[in-house]
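Quick note: the coordinates plus some simple rules give every number you see, no bench work behind them. No experiment lies behind these values; they were computed from the predicted model shown. Heads up, the Cβs are rebuilt from the backbone with ideal geometry, glycines too, and the neighbour counts pull from every protein chain shown.
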């Protein structure tokens, strides 16, 4: 089975990793969603969150999640570190809405010719010899990814604010937002929402979190 390492970079405003253990901790839902889709397509997914632990690359393929333009320098630094560690044998997939706003020329100049745009998960899967077609994220449970998170890390996530994937798209066209704008909202399968949220609630209860 082909394997990919998916990385949530350390928050760009977080203290330097060797000065403070944790960065800005938040459940990286967009990264987990990509991981769930790829795993469903037959690819072994390893999740790394540099806000909690340093990366440990185990694969030739690496995906990096950019939450906005300020993460572009962070992604470039990560790429350079990994190239040095792996001898320039890594293929990178860069994902996040900011990537959609880059022309092919801009993308190449920023990230290099060993990098591919990673927002089309079907193309990523086919490139890695996964299934030809991939599950719609709206119909994909994140529980397989939640189960990959060690309890000590999940407790850190659930002790803070979290994001929870409910819908995509927005009818508004706000300039400041990077969402898919000017389109109807589409929602995840309601049973999947119920199951995913129920899993997180039960994990929180098992950690003694929440109201008594």
Ranked output for segments 24-31, 197-204, 83-90 by mean other Cβ atoms within 10 Å, highest leading, reads 24-31, 197-204, 83-90
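What are the semi-axes of the equivalent ellipsoid for the range 85-183, taken as the square roots of 5 times the Cα gyration tensor eigenvalues, largest first, in whole Å? It would help to have the intermediate numbers written out before the result.
On the way: eigenvalues 129, 102, 54 Å².
Gyration-tensor ellipsoid for the range 85-183: 25, 23, 16 Å.
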For the range 16-76, alpha-carbon Rg and Dmax in angstrom: 12.7, 39
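Please state, as a whole number in µm²/s, the translational diffusion coefficient that the Stokes-Einstein equation yields for the range 22-136 at 37 °C and 0.692 mPa s, with Rh defined as the Kirkwood radius across alpha carbon pairs.
Working: Rh = 14.6 Å.
Value of D from the Cα-based Kirkwood radius: 224 µm²/s.
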Would you look at the GNM of the chain, springs on alpha carbons closer than 10 Å, and say which of 35, 182, 23 moves the most? 182
For the range 41-108, what does the alpha-carbon gyration tensor say about shape, rounded, prolate or oblate, given a ≥ b ≥ c as the root eigenvalues, a/c under 1.5 as rounded, and a/b over b/c as prolate? rounded
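What is the extension gain from residue 151 to residue 181, computed as 0.36 nm multiplied by their sequence separation minus the C-alpha to C-alpha distance, in nm to one decimal? Mind dumping the intermediate values first?
Details: separation 30, 0.36 × 30 = 10.80 nm, distance 3.61 nm.
Extra length available between residue 151 and residue 181 comes to 7.2 nm.
Tell me what the chain gives for mean residue ellipticity at 222 nm when only DSSP H runs of n ≥ 4 count, each as -39,500 (n - 2.57), the sum divided by the residue total, rounded to 500 deg cm²/dmol.
On the way: 8 runs with 76 residues, N = 212.
For the chain, the value works out to -10500 deg cm²/dmol.
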Counting other beta carbons within 10 Å of each Cβ, put 160, 188 in order, fewest first. 160, 188
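Is the shape of the range 138-212 rounded, prolate or oblate, going by the alpha carbon gyration tensor and its root eigenvalues a ≥ b ≥ c, with a/c under 1.5 for rounded and a/b larger than b/c for prolate?
Working: a/c = 2.55, a/b = 1.91, b/c = 1.34.
It comes out prolate by the Cα gyration axes.
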Estimated distance in nm for a label pair at residue 209 and residue 56, the labels positioned 7 Å out from Cα along Cα-to-Cβ: 2.3
